[in-house]
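Structure first, then comments.
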Amino acid sequence: MSNLIRWEPARDMMTWREAMDRLFDDAFTRPFNLNGGSLGSPAIDMYQTDGEVVVKAAVPGLKPEEVKISVTGDILTIKGDVNQEQEVKEKAFHVRERRWGSFERSVMLPTEVKSDQAKAEFENGILTITLPKDERAKPRTIAIKAK
């Protein structure tokens with residue numbers, strides 16, 4: 001038995017630029033989007049539970065000290081630099097696709113968070129940022145009294 005999902009045409013619409021960006025990204029399947037000579041922005045997943053917002057960013061090949069995370073208001077920003085390895089002059093490259101340079105990704109958080117209690121972990125190229133929700137943003141149950 002399958003679940004029915006309501007079709008919402010506006011949700012499926014995208015701009016011409018978004019379609020071209022997606023086509024370009026899918027065609028080259030690189031960990032970062034190309035953007036004007038810099039690395040662009042890392043791919044992320046963001047979800048929330050009852051008590052926290054979790055953001056996972058793909059930043060392969062980086063060390064934790066090469067990434068900076070900040071929260072300003074309701075905007076989370078992830079920045080970093082990928083340094084170019086020392087060039088090998090005696091070798092003739094057949095393929096050279098790895099990029100170097102800076103990247104930045106800013107996303108709007110879905111709810112208020114306690115940024116001073118945030119945690120960040122780095123494992124196997126995935127940066128996981130856990131942001132506890134502010135008490136005012138947590139769902140509350142309201143009891144109904146009968147008269």
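None of the figures in this text is laboratory data; all of them are computed from the coordinates on show. Fair warning: this is a prediction, and the values are worked out from it, not measured in the lab. No Cβ is skipped: glycine too gets one built from the backbone with ideal geometry, and neighbour counts run over all protein chains shown.
Just to verify a number: FRET efficiency for Lys119 and Thr15, C-beta to C-beta distance, R0 = 35 Å, to 0.05?
Values: r = 36 Å, r/R0 = 1.01.
In this case the efficiency is close to 0.50.
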(message) Distance between the C-alpha centers of region 44-73 and region 102-122? Whole Å please.
(response) 5 Å
(request) Return the subset of Lys63/Lys114; Lys63/Lys133; Lys114/Lys145; Lys63/Lys91; Lys68/Lys119 for which the Cα-Cα distance in this structure is over 22 Å, preserving the input order. (result) Lys63/Lys114; Lys63/Lys133; Lys114/Lys145; Lys63/Lys91
